[in-house]
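The structure appears right after this line, and notes come after that.
The values are calculated or read from the model by the stated rules, or taken from the named source; none is laboratory data. As the structure is a computational prediction, the values presented were derived from the model and not from experiment. Quick reminder, even Gly has a Cβ in these numbers, built from the backbone with ideal geometry, and neighbours come from all protein chains shown.
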Amino acid sequence: MTSAAIRLEQVTKTFDGRVVAVDAITLDIAAGEFFSLLGPSGCGKTTSLRMIAGFEHPDSGRVYVGGRDITDVPVHRRDMGMVFQSYALFPHRTVVENVAFGLRMREVPRADIERRVAAALAQVALTGLEDRKPSQLSGGQQQRVALARALVVEPPVLLCDEPLGALDRKLRQQMQFELKELQKRLGVTLVFVTHDQEEALAMSDRIAVMNKGRVEQVGSPAEIYEQPRTRFVADFIGEINILDEAGTARALRPEKIRLVTPDGARVAGRVETANYLGGSTLLRVRASDGSSMLVRETHAGERASRTPGDLVGLTWSDQDTVALEG
Amino acid sequence: MKAVLNKRPFDAGHAAYVTLNGLLLVFLLAPIAIVLVFALNPMPYISFPPVGVSLRWFEKFFASAEFMNALWLSLWIAGCVLVLSILIGGGCALALARGSLPGRPFLTAFFMSPLMLPAILTGLALFQAYLLAGIGRPVWGLILAHTLVAVPYVIRTTLAVLHNFDRRIEEAAAVLGASPVRVFFEVTLPLIRPGVFAGGVFAFIVSFDQFPVSLFLVVPKGETLPVVLFNYMKFDLDGAIAAASMVSILLALSVVLVLERLIGLKAYVKL
C-alpha cells in the first residue's frame, strides 16, 4: 500500500465569520506516520481533520497530500479513508455491501470486489458476519466494519475522528493495539484525532497538541510528555506540578519527586489525599506555605504507602524540571 | 432453604395507565365496531339491536354503479395525490432541511399552513380561484386541491427523518468516492424513503376521505366517494352507508399494510 505525506500550510478556518476554529496552522505529517491531533473539545483538531478530508474548505492556506495541492479537490476525488466516531456505517446495507461501497464507486470489477472485500474482512477478523446489518453488530464489530470499509480501497491516507471514543475501556485498549499494528503493517499515513492523552501517547509516532485553534507543540510522545513546551501542554498531558522559580514557570512531573524525611527536604508538608491507582499512588501534599504538590509514589518497594496526615519531605533534581513558555 | 417470594406491591400508577389506554382504545375502535354491526344488519334502516347477519348492504354497495364510479374515482385521485405529494413534499422537506434558504422558519410554517386552515376554507378559496381563472372543475383540479392539503403530511414525516439523519453517513459515502449525486441516490434517498412513504400513506388517506375540499370542487356525475355517501345519506339512511364505510376502512388499512410490508415504515418512523 502506498502512503502519502500531508502538509497543512498556514491553514485558517472561521465559522460564521467570527469563531476562529483553526488559526493559521502549519503541520507536516510524514508518509507512513501515525500522527495524532490531540486537544480539548473546540481546539480545532476535528476541523483540521475535516479540512484534510475536504468536508471543510479553508478560508486561507493550502492542503497538500503527496506533494499535490488538494485544497480545491472535492471530497470524493481525494482518495482517502476515514473512520468516524459514530462509525457512520450505511444502516440499510449489509457488512459486505458496506465494505464494497468504495470499490463499487471506483468501478472495480465485480470479481475483484468480492476478493478484496473478503480479504479486508479477514484482516479485521469479521469473516462470517458478511450478511449482517450494522444494527446486528456490537460496537466493536461496527468499528471493525468501518475500518475495513475505509482500508479496502487502499487509501494512501487514513483519517480517524475519535474512532475508539464510543468503546468501553477494555475493548478500546484492544483496538488501540490492533489499529496500531494494522497501520504499521499497511504503512498507511494515519491522522488520528483524539481528546484522550493516554490514547495519543500510546499509539502515535508523533503528536500535535492543539489549543484554541493553534498548534502548541509537535513531537514524539516522549518529547510531549517529558519536555512540554508550554504550560498548556504540560497541564493537558498527565499530571503536573508548576513551580515558580524566579519568575519563570517550570514543570515537574509527580513521578520525578522523591519522598524523603522532612528535615533537609526541598519541601516539607502533610499528605492531604492519597489516590490509590493500583501500580502507584498519587499523593497531594500540602506544603507549610499553603501550596500543594502532586507526588506519584510507585509501589515497587516494600514500604507501606503514605496515608493522609503523614508528614513527608519532597525532593527532586533540577534537571527533571522543564522551563515553560507562557 | 426456602425461597423468599417478593410480592409485587400494587402499583396504582401502572393500573391507571393500563385503564386509560384501554379506554382510549375502546373510544377509538367502538365506532368501527358499530359501523360493522350496522353493515351486517339486514334491517332496511339503521337500528339496534341487530336482527341477523347478512351481506345485502355490501351487495347493494358493489352493485350500484354510482357507488362504484365514485369509489374508483376516489381511489384514482388518492393514488395520484400519493405520488404527487411524495414528490412535492419530499422535495420541499429536503430543501427546508438541507438548503440554506433565507427565512426557513417562515417557509416551513408556510408549507405547513394547509394543516392549520380549516379544509372548508381551502375548498371555498380554491373553488373561487378556479372560477376566476376560468378553469372550471376538472379532475386534475381536484387532484391538485387534495395534494395541497396532503403535502404538509409528507413534509412533516420527511422532516422528522431528516432531523434525526446522521450526516456523517453521507460524508462517509463521499470520502469513499461517491459524488454528491451518487450520495443522494445511494444513501440519502434510501434512508429517508420510509419517512416519505409514511407521509404518503397519510396523503392517500387524507385524499381518500377528503370531504370539505371535494364538496366545492366536484361536478355532478364526477363525485368522489365521501361526497356520494353524503348525498346518499340525505335521502336514505340504510346499511349501504355502513357497508361503504367498512370498504373504505379496509381499503385504507390495506394501503398502510402494503406499504409497511414493502418498506417497513415502523422501523424508521414513529407513526
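From the set of residues in the stretch B:158-179 that are more than 8 Å from chain A (Cβ to nearest Cβ) and more than 21 Å from the chain's Cα centre (by Cα), which is farthest from A:L103 (Cα to Cα)?
So the residue we want is B:H163.
Quick one: in the stretch A:71-107, which of the residues that are out of contact with any strand residue (DSSP E or B) (no Cβ under 8 Å at 6 or more places or on another chain), part of a loop (DSSP other than H, G, I, E, B) and of a type in the set (V, I, T) is nearest to A:K13 (Cα to Cα)?
A:V73
Within the stretch B:155-175, is even one residue under 22 Å from B:S248 (Cα atoms) and buried (at least 18 other Cβ atoms within 10 Å of the Cβ)?
Within the stretch B:155-175 (the criterion being under 22 Å from B:S248 (Cα atoms) and buried (at least 18 other Cβ atoms within 10 Å of the Cβ)), the answer is no, since none of the residues qualifies.
Scan the stretch A:164-196 for residues that are buried (at least 20 other Cβ atoms within 10 Å of the Cβ) and more than 22 Å from A:V152 (Cα to Cα) and report the count.
1
What's the number of the only condition in (1) surrounded by 15 or more Cβ atoms within 10 Å (Cβ to Cβ); (2) among the small types (G, A, S); (3) at pLDDT 90 or above that B:S54 fails to meet?
That leaves (3) as the condition not met.
Restricting to the stretch A:122-151, name every residue that is without any contact (Cβ under 8 Å) to a residue 24 or more places away in the chain and in a helix (DSSP H, G or I).
A:A122, A:Q136, A:Q141, A:R144
For B:G136, are the conditions met, namely being within 14 Å of chain A (Cβ to nearest Cβ), part of a loop (DSSP other than H, G, I, E, B) and on the phi > 0 side of the Ramachandran plot?
For B:G136, the condition - within 14 Å of chain A (Cβ to nearest Cβ), part of a loop (DSSP other than H, G, I, E, B) and on the phi > 0 side of the Ramachandran plot - is not met.
Of the residues that sit in the stretch A:66-103 and are among the charged types (D, E, K, R) and over 24 Å from A:L167 (Cα atoms), which one is farthest from the other protein chains (Cβ to nearest Cβ)? If you could, list the steps in order and put the result at the bottom.
Applying the first criterion (among the charged types (D, E, K, R)) to the stretch A:66-103 yields A:68-69, A:72, A:77-79, A:93, A:97.
If we keep only those that are over 24 Å from A:L167 (Cα atoms) too, we end up with A:68-69, A:72, A:77-79.
Numbers: A:R68: 17, A:D69: 19, A:D72: 16, A:R77: 8, A:R78: 7, A:D79: 7 Å.
Ranking the qualifying residues of the stretch A:66-103, first place goes to A:D69.
For A:T26, only one of the following conditions fails: (1) more than 14 Å from chain B (Cβ to nearest Cβ); (2) more than 24 Å from the chain's Cα centre (by Cα); (3) among the β-branched types (V, I, T); (4) loosely packed, with under 15 Cβ neighbours inside 10 Å. What is its number?
(2)
Across the stretch A:104-155, what is the total count of residues that are buried (at least 21 other Cβ atoms within 10 Å of the Cβ) and within 14 Å of another protein chain (Cβ to nearest Cβ)?
14
For the stretch A:9-59, how many residues meet the condition of being in contact (Cβ under 8 Å) with a residue 60 or more places away in the chain, over 24 Å from A:A202 (Cα atoms) and either part of a helix (DSSP H, G or I) or not assigned by TED's automatic domain parsing to the domain that holds A:Q85 (or both)?
Here the count works out to 1.
Mind checking which residues of the stretch A:204-230 are hydrophobic (A, V, I, L, M, F, W, C) and either surrounded by fewer than 22 Cβ atoms within 10 Å (Cβ to Cβ) or out of contact with any strand residue (DSSP E or B) (no Cβ under 8 Å at 6 or more places or on another chain) (or both)?
A:V218, A:A222
For B:V219, state whether it is surrounded by fewer than 23 Cβ atoms within 10 Å (Cβ to Cβ) and of a type in the set (V, I, T).
Criteria met by B:V219.
Under 9 Å between Cβ atoms, at least 6 apart or on separate chains: pull out the pairs that start in the stretch A:155-181 with a residue that is on the phi > 0 side of the Ramachandran plot and end on any residue that is among the hydroxyl-bearing types (S, T, Y) and outside any helix (DSSP H, G or I).
A:E162/A:T194
Sort through A:A4, A:A119 and tell me the only one that's assigned to a loop (DSSP other than H, G, I, E, B), aliphatic (A, V, I, L, M), farther than 18 Å from A:E162 by Cβ and at pLDDT below 95.
Matching residue, one of A:A4, A:A119: A:A4.
Take A:V233 and decide whether it is under 16 Å from the mean Cα position of the chain (by Cα) and not assigned by TED's automatic domain parsing to the domain that holds A:S36.
Yes: the conditions hold for A:V233.
Of the residues that sit in the stretch A:41-65 and are surrounded by 17 or more Cβ atoms within 10 Å (Cβ to Cβ) and of a type in the set (D, E, K, R), which one is nearest to the other protein chains (Cβ to nearest Cβ)?
If we take residues in the stretch A:41-65 being surrounded by 17 or more Cβ atoms within 10 Å (Cβ to Cβ) and of a type in the set (D, E, K, R), then A:R50 is nearest to the other protein chains (Cβ to nearest Cβ).
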